[in-house]
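Asker: Okay, here's the structure, questions in a sec.
Read-outs throughout are calculated quantities, based only on the coordinates presented, and are distinct from any laboratory measurement. The structure presented is a predicted model; accordingly, all values stated were derived computationally and were not measured. So basically every Cβ, Gly included, is an ideal-geometry build from the backbone, and we count neighbours across all protein chains shown.
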Amino acid sequence: KISLQNELGKKPYTLLFIWSSTCSHCEEYTPLLETMARTNAGKVQVVAYSIDKQETAGGWRGKIKARTALPNWKDIAETDDLTSAGISGIFYAGTPSVFLLDHTGKLVSKETNPDVLKKILNEKPYD
């Protein structure tokens, strides 16, 4: 089972991406984030968390299947157990939301611009 805690430390950074299958901004943002994840595969592990409460036609599972598989990208959804997924204590105002965490789980940035995230990943030294 995928959990945020299990993904921390696999790479210098873990990026928590909170999204919804009904969010048009998420649909526009996801390919940009995938490109950032692909080009920074050695530095960042992505945990993409769908807030969809149930599966619907064309819902989160369909969006995931349509995506190109990336080895440093893991998907989980609110239909999964939140406590075991390690997401229950994180506050977010809406979708898309992005939290860049260091290898210990400390918040580094809540920036959503992929170009700015790339810059942060390239500037921040891994402790």
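Asker: Just list whichever of LYS74/LYS119; LYS53/LYS119; LYS65/LYS119; LYS10/LYS65; LYS11/LYS53 have alpha carbons separated by over 27 Å in the model shown.
Answerer: From the list (LYS74/LYS119; LYS53/LYS119; LYS65/LYS119; LYS10/LYS65; LYS11/LYS53), the Cα-Cα distance tops 27 Å for LYS53/LYS119; LYS65/LYS119; LYS11/LYS53.
Asker: Based on the mean of other Cβ atoms within 10 Å per residue, sort peptides 101-107, 30-36 so the most packed one is first. Mind dumping the intermediate values first?
Answerer: On the way: 101-107: 13.7, 30-36: 16.3.
The densest-packed peptide leads the list: 30-36, 101-107.
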